[in-house]
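This report concerns only the one structure given below.
The values are calculated or read from the model by the stated rules, or taken from the named source; none is laboratory data. A quick note: this is a predicted structure, and the numbers were derived from the prediction, not measured. Cβ placement follows ideal geometry from the backbone for every residue including glycine, while neighbour counts extend to all protein chains displayed. Just the protein is used for accessible areas: all its heavy atoms, side chains included, with ligands, DNA and RNA removed. Shrake-Rupley method; radii C 1.70, N 1.55, O 1.52, S 1.80 Å.
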Amino acid sequence: MLNRVRRDLRYYLQEHQDRNNLILHYFAFLSAFAAWIFLFINFKVMLVLALIHYALSWIGHFYFEGNKPAAFRYPHIGFYAGFTWFFIRTIEIITRKEIIHPWINKQD
């Protein structure tokens, strides 16, 4: 199971190499996370946050990265790998330690 997660995160990061795209994706997933919170609180706010998520992600891919979002080909990878990356990246920002690259490149 962990090897599959590592493989999918490697693929996800391969499709997200431009720094500007990564910044947009961080805020896109922050918006998506907030949308999940608002799912049962305020449906209109949830919809706006979901649209912001997609707008930021697609701008990052089409304008900065020059590729199509992973969610177009592999929706499950785009969803779970994106959220996994977002939460790990948040921990990296807080702790100022790189976690994801050493972990995904680890050989078992």
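Helix hunt in the chain: which complete DSSP H runs extend at least 20 Å axially by C-alpha with mean Kyte-Doolittle at least 0.5?
19-38, 43-59, 75-95
For region 56-108, what is the Kirkwood hydrodynamic radius in Å, using each pair of distinct C-alpha atoms?
Computed over Cα pairs of region 56-108, the Kirkwood hydrodynamic radius comes out at 12.6 Å.
Report the far tail of the P(r) of region 1-64, meaning the percent of Cα-Cα pairs longer than 17 Å.
The proportion of pairs with Cα distances above 17 Å equals 49 percent.
How large, in percent, is the carbon and sulfur part of the accessible surface of region 6-82 at a probe radius of 1.4 Å?
After summing per-atom areas, the C and S share lands at 71 percent.
Around A81, what is the net charge, scoring Lys/Arg as +1 and Asp/Glu as -1 over all other residues with Cβ under 11 Å from its Cβ?
+2
Count neighbours as other Cβ atoms within 10 Å of each site's Cβ, and list the trypsin sites (Lys or Arg not before Pro) in region 40-108 that are DSSP loop with at most 11 such neighbours.
Answer by residue number: R96, K97, K106.
Roll a 1.4 Å probe over the protein chains and send me the accessible area per residue for the chain in Å².
Dividing the accessible area of the chain by its residue count gives 67 Å².
Could you work out the helix-only [θ] at 222 nm for the chain, with each DSSP H run of four or more residues adding -39,500 (n - 2.57) and the total divided by the number of residues, to the nearest 500 deg cm²/dmol?
Mean residue ellipticity, 222 nm, calculated: -23500 deg cm²/dmol.
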